[in-house]
Amino acid sequence: MSPEISQMDSKPFIEHRVDRGQGKVYARDYGGAGPAFVLMHGFPDNLRIYDDLIPYLTAAGRRVVAFDFLGFGASDKLAGATYSFRQQLGDLEAVVQTLGLGKVVLVAHDSSGIAAVNFAVEHPQKVESLCILNSAYDDSPIDVWPEMIVLFADPRLAALAGGFAGSGEQLGWLLDWQKKKFEDPLPASQKPHFEAFMSKVIADNFLMPPSSGPAFVQLASEFFEELKRNSARLPQVEALDLPVKVIWGEFDPYLGAAMGEERAAHFRNSSFHLVPAGHWLQSDMPKQVAELMLA
Amino acid sequence: MSSDPMTFAETNIPREKGRIYSRDYAGAGPAFVLMHGFPDNLHIYDRLIPYLVGAGRRVVTFDFLGYGASDKPAGTNYSFRQQLDDLEAVLEALDLEKIVPVGHDAGGPAAINFTLDHPDRVSSLCILNTFYAAAPTLQLPELIALFATPGLKALSGAMLQSPEQLAWVFRFQQLKFLETLPEKHKETFESVLAPIINNNFNFGKAAGSGPAFAQMTAQVFEEVGRNTERLPEVEALDVPVKIIWGDTDLALNTGVAEDFRSHLKNATLHVLSAGHWPQIDEPEQVAKAVLS
C-alpha cells in the first residue's frame with residue numbers, strides 16, 4: 001500500500017511553454033525516472049484533472065508531464081486560432097519532442113483518447129505503453145456521448161449551440177445540468193470531492209476569461225467526423241504491439257464500461273480494469289488509478 | 001343570413017382519451033379543414049378564416065389532441081397516427097364527406113396521408129410550409145431538431161420541465177425565424193404569432209402543449225421515413241394540390257416546396273414573400289391561392 005498523499009504534497013514542477021505557431025502550449029514537467037507519463041485532458045477541462053493523481057505517480061519516482069492543449073487551461077487562446085484533433089496531435093508531438101521525453105507512457109482521458117491513440121499509430125517506436133481512461137476514439141454503435149457534446153457536435157444544431165455559448169446564463173445552466181448528469185451516478189463518498197473540485201475545474205474552464213469555449217466549440221464540431229476517420233484507422237490500431245491498459249470508471253453515465261471493453265478489444269496486447277468511480281476516475285479514486293498505471 | 005359570418009359552432013369531439021376542440025364556420029362545401037403544426041394551435045388560422053368565410057365557404061378548424069383547447073389527458077401517447085385519426089374523428093362528428101384538407105408544418109402529414117387514404121373525399125389539398133417525406137433541402141428548425149435527436153432526449157426533457165429554459169429556446173427559434181422575415185411582417189409575428197406559441201406552452205404552467213410537442217417531435221424522423229415509402233402513392237395522386245409557401249422559411253424552404261411539386265401530377269406552386277406562417281403574414285394572398 002502506498003501512503004495517502006494529498007495535493008499539498010506535490011513535488012515541484014518545471015513549467016514549459018512550447019511554441020505551436022498560433023500560441024504556446026503550457027506544460028508541467030515533474031522530475032523522475034522515465035519513461036515519463038504524459039497526461040492529457042479532454043473537452044471540458046484542462047491539466048488540473050490530474051492534480052489528484054500526479055502525487056502518486058511522482059511519489060513512485062516517475063517523471064510526469066501534464067499539459068494543456070492549445071485553447072485550454074494555461075495554454076494560449078489567441079483570437080482567430082483554429083483548433084482541430086490534428087492540431088491536438090501536433091501539440092502532443094511538440095511536447096514530447098521539445099521536452100526530449102524519449103519513449104513515453106501516454107495517458108488519455110475523454111477527447112484526448114484521439115491524440116493518444118493516433119500518436120501511438122503514427123509513432124509506435126516513441127510509445128512505451130498506453131493508459132486509456134474513459135475516453136473517445138472511434139465511431140461505434142454503442143457510443144453514447146454527453147448531451148453537451150452532441151449539442152455542439154451536431155451540425156443541425158450549430159445555431160442553437162451558438163445561442164447557448166453566446167449567453168453566460170445559458171452556458172451556466174447547461175454546464176450545471178451536464179455536471180449533475182455526471183455526478184448523479186457517483187457513489188455518495190465521491191460526490192463531495194466532485195462538487196468541491198472537478199465541478200469548479202469544468203465551470204472555470206468555460207466561464208473564467210479567457211474561456212476555452214472557442215476550442216471546445218471547434219473541436220466538438222469536428223468530433224463525429226473524427227470518430228469516423230478513426231474507425232477507418234482501426235486496422236492500424238489492431239496491428240499495434242505495445243502494452244495497453246484500459247482503466248475505466250464504471251459509473252460514467254455516457255462512456256460506459258461496454259465502451260471501455262470494446263476499446264480494449266481493439267488492441268492486441270491490452271488489459272481492462274474497471275474502477276468503481278465516475279468519468280473523472282483519476283480524481284475520484286487517484287490512488288487506485290495510480291496503482292493500476294504503475295503496476 | 002343575419003348572423004355574424006365570423007361566428008362558429010364549437011364542438012368537443014370525443015376520442016378514446018379526451019376530447020378535441022373544433023370550430024365550424026357555416027358556408028358552402030367542400031369545407032376547408034385547417035390543421036396546425038408542432039408548436040401552435042388553430043389560432044394560426046385566425047387571420048385567414050375571414051377571407052375564406054367571406055367567400056361563402058364552410059371552414060372547420062380544430063386543435064389536435066394535446067394542443068390549444070383540446071384535452072391533454074395525462075399518459076396520452078401522441079403520434080402522427082393519432083393526429084390522422086383526430087382528423088377522421090372530426091370529419092365523422094361534423095358529418096363532413098368531401099373536404100379540402102389544409103396542412104401547415106407538422107399538420108402536413110395528416111393532410112397528405114388522409115388524401116392518400118381517401119382521394120375520393122378530397123376535392124383538393126392545400127399544403128403550407130410543411131414536411132412530409134425525405135427531401136434534399138429539408139431541414140428542421142433547431143427547436144425541432146433538438147427535440148427530435150435521440151441523444152438529446154434527457155437535455156430537451158430537462159428544458160421542457162424548466163419554464164425559463166423552455167421560454168429561452170422558443171424565443172431563440174422565434175428570433176431565428178425573425179432574422180429572415182421581411183420587415184413588414186415582423187410586427188405581426190411579434191403581436192400575433194408569438195403570443196399563440198407562448199400561450200400554447202404556458203412555459204411550465206398548467207395545461208400546456210409540452211407533452212404533445214415533445215412526443216410528436218421525437219417521432220419526426222420515423223414519420224418522414226414512413227412517408228418516404230408512400231411517395232409512389234403521392235406520385236399516383238390525381239387530386240389537385242396547391243403548394244403555398246412562405247419563401248423566407250430557411251428550414252421548410254422553397255426547395256422542399258419544389259420537391260413536393262416534383263412528386264405531384266396535378267400541383268400548383270404559390271410562393272409568397274412570407275415566413276414559416278404565410279397564413280399569418282399574407283392571409284389575403286394565401287386565401288386567394290386556397291380559393292383559386
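The values are calculated or read from the model by the stated rules, or taken from the named source; none is laboratory data. Here the structure is a predicted model, which is why all the values come from computation and not from measurement. Cβ atoms come from the backbone with ideal geometry, glycine included; neighbour counts cover every protein chain shown.
Yes or no, residue by residue, for (1) more than 8 Å from chain A (Cβ to nearest Cβ); (2) without any contact (Cβ under 8 Å) to a residue 40 or more places away in the chain; (3) under 18 Å from A:Arg156 (Cα atoms):
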{"residue": "B:Ala158", "(1), (2), (3)": "no, yes, no"}
{"residue": "B:Pro163", "(1), (2), (3)": "yes, no, no"}
{"residue": "B:Leu166", "(1), (2), (3)": "yes, no, no"}
{"residue": "B:Val169", "(1), (2), (3)": "no, yes, yes"}
{"residue": "B:Gln174", "(1), (2), (3)": "yes, yes, yes"}
{"residue": "B:Leu181", "(1), (2), (3)": "yes, no, no"}
{"residue": "B:Lys186", "(1), (2), (3)": "yes, yes, no"}
{"residue": "B:Phe189", "(1), (2), (3)": "yes, no, no"}
{"residue": "B:Ala194", "(1), (2), (3)": "yes, yes, no"}
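Scanning region B:264-292 for residues being touching a Gly at 6+ places or on another chain (Cβ under 7 Å) and assigned to a strand (DSSP E or B) gives a total of 1. When A:Arg86 is tested against (1) under 29 Å from A:Gln178 (Cα atoms); (2) not aliphatic (A, V, I, L, M); (3) not in a helix (DSSP H, G or I), exactly one condition is not met: (3). Among the residues of region A:34-44, those identified as within 8 Å of the chain's Cα centre (by Cα) and under 13 Å from A:Gly73 (Cα atoms) are A:Met40, A:His41, A:Gly42, A:Phe43.
Residue-level check: of (1) buried (at least 22 other Cβ atoms within 10 Å of the Cβ); (2) away from every other protein chain (no Cβ under 14 Å); (3) in contact with a helix residue (DSSP H, G or I) (Cβ under 7 Å, 6 or more places away or on another chain), B:Ala135 misses just (1).
Listed here are the residues, each with its yes/no results for (1) surrounded by 24 or more Cβ atoms within 10 Å (Cβ to Cβ); (2) farther than 26 Å from B:Phe131 by Cα; (3) of a type in the set (Ser, Thr, Tyr).
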position: B:Thr11; (1), (2), (3): no, yes, yes
position: B:Gly18; (1), (2), (3): no, yes, no
position: B:Ser22; (1), (2), (3): yes, no, yes
position: B:Leu42; (1), (2), (3): no, no, no
position: B:Asp71; (1), (2), (3): no, no, no
position: B:Asn77; (1), (2), (3): no, no, no
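Among the residues of region A:129-154, which ones are aromatic (Phe, Trp, Tyr) and within 22 Å of A:Trp173 (Cβ to Cβ)?
First, pick out the residues of region A:129-154 that are aromatic (Phe, Trp, Tyr): A:137, A:145, A:152.
Within region A:129-154, A:Trp145, A:Phe152 qualify.
Rundown of residues vs (1) in contact (Cβ under 8 Å) with a residue 12 or more places away in the chain; (2) assigned to a loop (DSSP other than H, G, I, E, B); (3) surrounded by 19 or more Cβ atoms within 10 Å (Cβ to Cβ), yes/no style:
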| position | (1), (2), (3) |
| --- | --- |
| A:Phe37 | yes, no, yes |
| A:Gly42 | yes, yes, yes |
| A:Ile49 | yes, no, yes |
| A:Pro55 | yes, no, yes |
| A:Val65 | yes, no, yes |
| A:Asp76 | yes, yes, no |
| A:Ala81 | yes, yes, no |
| A:Glu93 | yes, no, no |
| A:Gln97 | no, no, no |
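Answer yes or no: is there a residue in region B:194-214 that is part of a helix (DSSP H, G or I) and touching a His at 6+ places or on another chain (Cβ under 6 Å).
At the first step, the residues of region B:194-214 found to be part of a helix (DSSP H, G or I) are B:194-204, B:210-214.
Applying the additional criterion that residues be touching a His at 6+ places or on another chain (Cβ under 6 Å) yields B:196.
Yes: region B:194-214 contains one or more residues that are part of a helix (DSSP H, G or I) and touching a His at 6+ places or on another chain (Cβ under 6 Å).
Close contacts from region A:173-201, counting a first residue that is away from chain B (no Cβ under 14 Å) and at positive phi and a second that is surrounded by 18 or more Cβ atoms within 10 Å (Cβ to Cβ) and assigned to a helix (DSSP H, G or I), with Cβ to Cβ under 9 Å and a gap of 6+ residues or different chains, come to none at all.
When the test is whether a residue is surrounded by fewer than 19 Cβ atoms within 10 Å (Cβ to Cβ), within 25 Å of A:Ala159 (Cβ to Cβ) and of a type in the set (A, V, I, L, M, F, W, C), B:Val271 passes it.
Give the residues of region B:140-153 that are at the interface with chain A (Cβ under 7 Å from one of its Cβ atoms) and either in contact with a Lys or Arg (Cβ under 7 Å, 6 or more places away or on another chain) or in contact (Cβ under 8 Å) with a residue 12 or more places away in the chain (or both), sorted by residue number.
Kept after step one, since they are at the interface with chain A (Cβ under 7 Å from one of its Cβ atoms), are these residues of region B:140-153: B:140, B:142, B:145-146, B:149, B:151-152.
Scanning region B:140-153 gives B:Leu140, B:Glu142, B:Ala145, B:Leu146.
The set of residues from region A:200-244 being assigned to a helix (DSSP H, G or I) and acidic (Asp, Glu) comprises A:Asp204, A:Glu222, A:Glu225, A:Glu226, A:Glu238.
Could you say whether any residue in region B:106-118 is in a strand (DSSP E or B), touching a residue at least 40 places away in the same chain (Cβ under 8 Å) and more than 8 Å from chain A (Cβ to nearest Cβ)? Scanning region B:106-118 turns up no residue that is in a strand (DSSP E or B), touching a residue at least 40 places away in the same chain (Cβ under 8 Å) and more than 8 Å from chain A (Cβ to nearest Cβ).
Restricted to region B:222-250, and to residues there that are at pLDDT 95 or above, closer than 30 Å to B:Gln174 by Cβ and among the hydrophobic types (A, V, I, L, M, F, W, C), the residue that is surrounded by the fewest Cβ atoms within 10 Å (Cβ to Cβ) is B:Val224. Only residues that are in a helix (DSSP H, G or I), in contact with a Lys or Arg (Cβ under 9 Å, 6 or more places away or on another chain) and closer than 13 Å to B:Ile20 by Cβ were counted in region B:71-92, giving 5.
One line per residue, one yes/no per condition, for (1) surrounded by fewer than 23 Cβ atoms within 10 Å (Cβ to Cβ); (2) hydroxyl-bearing (Ser, Thr, Tyr); (3) assigned to a helix (DSSP H, G or I); (4) in contact with a Ser or Thr (Cβ under 9 Å, 6 or more places away or on another chain):
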residue: A:Glu262; (1), (2), (3), (4): yes, no, yes, yes
residue: A:Leu274; (1), (2), (3), (4): yes, no, no, no
residue: A:His279; (1), (2), (3), (4): no, no, no, no
residue: A:Ser283; (1), (2), (3), (4): no, yes, yes, no
residue: A:Gln288; (1), (2), (3), (4): yes, no, yes, no
residue: A:Glu291; (1), (2), (3), (4): yes, no, yes, yes
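Among the conditions (1) at the interface with another protein chain (Cβ under 8 Å from one of its Cβ atoms); (2) modelled with pLDDT under 95, A:Glu169 misses just one, which is (1). Pairs are defined by a Cβ separation below 6 Å, a sequence spacing of at least 6 or placement on different chains, a first member in region A:139-166 that is over 25 Å from A:Ala232 (Cα atoms) and facing another protein chain (nearest Cβ under 9 Å), and a second member that is crowded, with 18+ Cβ neighbours inside 10 Å and among the charged types (D, E, K, R); the pairs so defined are A:Leu157/B:Glu142; A:Ala159/B:Glu142; A:Leu160/B:Glu142. Here B:Gln215 passes the criteria (1) in contact (Cβ under 8 Å) with a residue 40 or more places away in the chain; (2) surrounded by fewer than 17 Cβ atoms within 10 Å (Cβ to Cβ); (3) farther than 23 Å from B:Pro163 by Cα except the one numbered (3).
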